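J.: My questions will all concern the structure given below.
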Amino acid sequence: MVDWAKFIVNKPDLEANPEFSKRVHQILAKNLNNTSQNNKDIIRQLFVQKKCIPTKYGMKIPNEAYFENVNLFPDLPTIDFQKPLSVRNLMELFGVRKVTKIFSLIHYF
């Protein structure tokens, strides 16, 4: 699986074509349970900086995307998969966000 991931991660369609990207993620997700932790780490490193996550607001790198159930703000780039549960473990591995972080600034005078 690692050799295939190394090959496919350099295909321009991965970042430009959401349908291609969805197929890649489905293949990876389907084989994730049969992959060693070391190989999962290698695969994660290959994809983590790629704009390969299809969202309702275009392709995003994994840590810019949110799971579909994160709905605090209507303009969040949530993942766009027909069956999000089928790729959930892979999206978690890649670092797709489960929650939004709200920072409040407190000024002391």
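The values are calculated or read from the model by the stated rules, or taken from the named source; none is laboratory data. If you're wondering where the values come from, they're calculated on a predicted model, not measured in any experiment. FYI the Cβ positions are ideal-geometry reconstructions off the backbone, even for glycines, and counts take in every protein chain you see. In case anyone asks, the SASA skips ligands and DNA or RNA and just uses the protein heavy atoms, side chains included. Shrake-Rupley method; radii C 1.70, N 1.55, O 1.52, S 1.80 Å.
J.: Per residue, how much accessible area does segment 40-98 show when a 1.4 Å probe rolls over the protein heavy atoms, in square angstrom? Spell out each step's value before the answer.
T.: Details: 3220 Å² over 59 residues.
Computed with neighbouring chains in place, this is 55 Å² per residue.
J.: Averaging over all projection directions, find the projected area of the Cα convex hull of the chain and quote it in nm² with one decimal place. Before the final figure, lay out the partial values.
T.: On the way: hull surface 33.4 nm².
It is 8.3 nm².
J.: For the chain, take the longest principal axis of its alpha carbons; what is the angle in degrees between that and the long axis of helix 37-47, to the nearest 10 within 0 to 90?
T.: Its long axis makes an angle of about 70 degrees.
J.: Counting only residues 5 or more places away or on other chains, whose amide H sits under 5 Å from the amide H of Y57 once H atoms are built in the peptide plane?
T.: T78
J.: For the chain, build the charge dipole from Cβ charges (+1 Lys, Arg; -1 Asp, Glu) around the Cα centre, then report which of Y66, S36, P18 sits farthest towards its positive end.
T.: The Cα lying farthest towards the positive end belongs to S36.
J.: Placing +1 at every Lys and Arg Cβ and -1 at every Asp and Glu Cβ, with all other atoms neutral, what dipole size does the chain have around its Cα centre, in debye to the nearest 20? List each step's numbers first, then the result.
T.: On the way: 16 positive and 10 negative charges, 32 e Å.
For this selection, approximately 160 debye.
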